[in-house]
1. Could you please find all residues in region 103-139 being modelled with pLDDT of 85 or more, touching a helix residue (DSSP H, G or I) at 6+ places or on another chain (Cβ under 7 Å) and more than 19 Å from Asn76 (Cα to Cα)?
2. Looking at region 152-164, which of its residues are more than 15 Å from Ala114 (Cβ to Cβ), in contact with a helix residue (DSSP H, G or I) (Cβ under 6 Å, 6 or more places away or on another chain) and either in contact (Cβ under 8 Å) with a residue 60 or more places away in the chain or not aliphatic (A, V, I, L, M) (or both)?
3. Being free of Cβ contacts under 8 Å to residues at least 12 places away in the same chain, in contact with a helix residue (DSSP H, G or I) (Cβ under 9 Å, 6 or more places away or on another chain) and either in a helix (DSSP H, G or I) or within 22 Å of Glu212 (Cβ to Cβ) (or both), is that true of even one residue in region 72-94?
4. Quick check: anything in region 103-121 touching a residue at least 60 places away in the same chain (Cβ under 8 Å), touching a Phe, Trp or Tyr at 6+ places or on another chain (Cβ under 6 Å) and buried (at least 18 other Cβ atoms within 10 Å of the Cβ)?
5. What number goes with the only condition from (1) under 21 Å from Lys68 (Cβ atoms); (2) at pLDDT below 95; (3) surrounded by fewer than 24 Cβ atoms within 10 Å (Cβ to Cβ); (4) of a type outside the set (A, V, I, L, M, F, W, C) that Gly148 does not pass?
6. Only residues that are over 23 Å from Pro36 (Cα atoms) and hydrophobic (A, V, I, L, M, F, W, C): list them for region 145-171, please.
Amino acid sequence: MRPLLTLSFLPLLLTVASLSPLTTASPASQALSPNPPPPNPSSLPHRTLAGIRVVDTPIVRDAEALAKKYSPGSYNHIMRCWLWGALQLRHDATLAAQVDLEVHAVGLMLHDLASDHNLSHPFVSADRRFEVDSAIAAADFIRAHHDGRKWPDWRVQRVWDGIALHAEPKLALYKEPDVFAIYWGNEMDWSYGRSGGQRMGITEEEHAAVMEAFPNGDSGGDSDGPSAGLLWFIAWYCKYKPESTYGVWGCGAGLFTGWT
């Protein structure tokens, strides 16, 4: 690995590495005012993907279709994130009991909705972080959806927060369980999903099934490995949306690539 590449992402890597097993198992949001309990999972329709039972409501299906249309290069990554998150909940009943499956699914499906490297993309702004652009687009999608219009504001806000904070562990890990779980779904695809082994109770067999169904080869998956792919992915923002990168976790990418 290139030394400067390591330094560029050291804050994020150190944050993740320093987390205790307790922190990765349950969110530190017990002091927050609880919202109504999430819908009973047994009352929701489900389907099976890669051997994993996942929620299958119209808004989840439509979120997947939206992601596939506007984030085609990240589609497999998005689906893996959702499935890692679903497996985390499968192996952590305490967390699963606190997570709204539709919020979780929509948040992970749409977390990269505005990550396209194209300033004419309908969801991409000239100056906001792509996480914020994605969160705004996701909230607009929910409010325009025939089922999403029935959602209370706090459910929309959980999706917004989960997407906006999905690359900010120092914040997301101390938010509500939905936000916490959206963060981990994405993080696991970078730190675990592409390398294998066991984490969060996920077995090697489960890992293999996800990777077979949605193989690597999308954003961040070039021949130099996921870290190098992520470097160039973030460097684009340093060159074309510099106002969105100053002082954030990926700002070193611009220095390393010369795209400043």
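1. As a first pass, look at region 103-139 and keep what is modelled with pLDDT of 85 or more: 103-113, 131-139.
Subset that is touching a helix residue (DSSP H, G or I) at 6+ places or on another chain (Cβ under 7 Å): 103-113, 131-132, 134-135, 138-139.
Of everything in region 103-139, those that are modelled with pLDDT of 85 or more, touching a helix residue (DSSP H, G or I) at 6+ places or on another chain (Cβ under 7 Å) and more than 19 Å from Asn76 (Cα to Cα) turn out to be Val103, Val132, Ala135, Ala139.
2. As a first pass, look at region 152-164 and keep what is more than 15 Å from Ala114 (Cβ to Cβ): 152-158, 161.
Next cut, in contact with a helix residue (DSSP H, G or I) (Cβ under 6 Å, 6 or more places away or on another chain) only: 155-156, 158, 161.
Hits for region 152-164 are Arg155, Arg158, Asp161.
3. Step one: of region 72-94, the residues free of Cβ contacts under 8 Å to residues at least 12 places away in the same chain are 72, 93.
With the extra rule that they be in contact with a helix residue (DSSP H, G or I) (Cβ under 9 Å, 6 or more places away or on another chain), the set shrinks to none.
Checked against the condition, which is being free of Cβ contacts under 8 Å to residues at least 12 places away in the same chain, in contact with a helix residue (DSSP H, G or I) (Cβ under 9 Å, 6 or more places away or on another chain) and either in a helix (DSSP H, G or I) or within 22 Å of Glu212 (Cβ to Cβ) (or both), region 72-94 yields no hits at all.
4. Applying the first criterion (touching a residue at least 60 places away in the same chain (Cβ under 8 Å)) to region 103-121 yields 103-104, 107-108, 111-112, 115, 117, 119.
Retained after the next criterion (residues that are touching a Phe, Trp or Tyr at 6+ places or on another chain (Cβ under 6 Å)): 108, 115, 117.
Adding the requirement that they be buried (at least 18 other Cβ atoms within 10 Å of the Cβ) leaves 108, 115.
For region 103-121, residues touching a residue at least 60 places away in the same chain (Cβ under 8 Å), touching a Phe, Trp or Tyr at 6+ places or on another chain (Cβ under 6 Å) and buried (at least 18 other Cβ atoms within 10 Å of the Cβ): present.
5. (2)
6. Within region 145-171, Ala167 is the sole residue that qualifies.
The values are calculated or read from the model by the stated rules, or taken from the named source; none is laboratory data. Computed from a prediction, not measured in an experiment: that's the story for all the values here. Note: ideal-geometry Cβ built from the backbone for every residue, glycine included; neighbour counts use all protein chains shown.
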